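Read-outs: derived from the displayed coordinates by stated rules, not from any lab. Nothing here was measured: the structure is a model prediction, and the numbers come from that model. Note that we place each Cβ from the backbone using ideal geometry, even for glycine, and neighbour counts take in every protein chain shown.
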Amino acid sequence: MLAKGEKFIEQGGVARTIEIPNDWSALLKSSVKKAIDEQTRIKEEFQKAFADNLICRGFERDKENPKYLLYKN
């Protein structure tokens, strides 16, 4: 499909989200162990989502709870 400069509109609803820390640098400075634990959790959630045939097609910026948006493939 060729790009026509049209705005993409998602047709399906969000199937799952993966929240990430809102201030990675602060988390890393406060506790390397907690930062590693968060990194591991995020990796495992993505691996599970991909195994469930979901794809990441969006990101929701939020000061408190930023998250990746996953959709059915």
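Using the structure shown, list the pairs from K7/K48; K4/K72; K43/K67; K43/K72; K34/K67 with a Cα-Cα distance above 21 Å, or answer none. Among K7/K48; K4/K72; K43/K67; K43/K72; K34/K67, the Cα-Cα distance tops 21 Å for K7/K48; K4/K72. With the cut-off at under 13 Å, measuring from each backbone N in the range 48-73 to a point 7 Å along the Cα-to-Cβ line of A26 picks out 63-66. Since only G5, A51, N73 are under comparison, the one whose Cα sits farthest along the positive direction of the charge dipole of the chain, derived from C-beta charges on Lys, Arg, Asp and Glu, is G5. Do any GluC sites (Glu not before Pro) in the chain lie in a DSSP loop with no more than 13 other beta carbon atoms within 10 Å, and if so, which? The qualifying sites are E6, E10, E64. Among the trypsin sites (Lys or Arg not before Pro) in the range 17-72, those located in a DSSP loop and surrounded by at most 11 other Cβ atoms within 10 Å of their own Cβ are R61, K63.
Using only the Cα atoms of the chain, what semi-axes does the equivalent ellipsoid have when each is the square root of 5 times a gyration tensor eigenvalue? Give whole Å, largest first.
Numbers: eigenvalues 159, 49, 19 Å².
In descending order, the three semi-axes are 28, 16, 10 Å.
Test of understanding: ordering I20, I55 by Cβ neighbours within 10 Å, fewest first, what list do you get? Please list the in-between numbers first.
Working: I20 17, I55 13.
Sorted ascending by nearby Cβ count, the order is I55, I20.
Neighbour counts of C-beta atoms inside 10 Å place V32, V14 in the sequence V32, V14, starting with the fewest. Placing unit charges on the Cβ atoms only, positive for Lys and Arg and negative for Asp and Glu, gives the range 16-72 a dipole magnitude near 100 debye about its Cα centre.
In loop segments of the chain as defined by DSSP, the chymotrypsin sites (Phe, Trp or Tyr not before Pro) with at most 15 further C-beta atoms inside 10 Å of their C-beta are F8.
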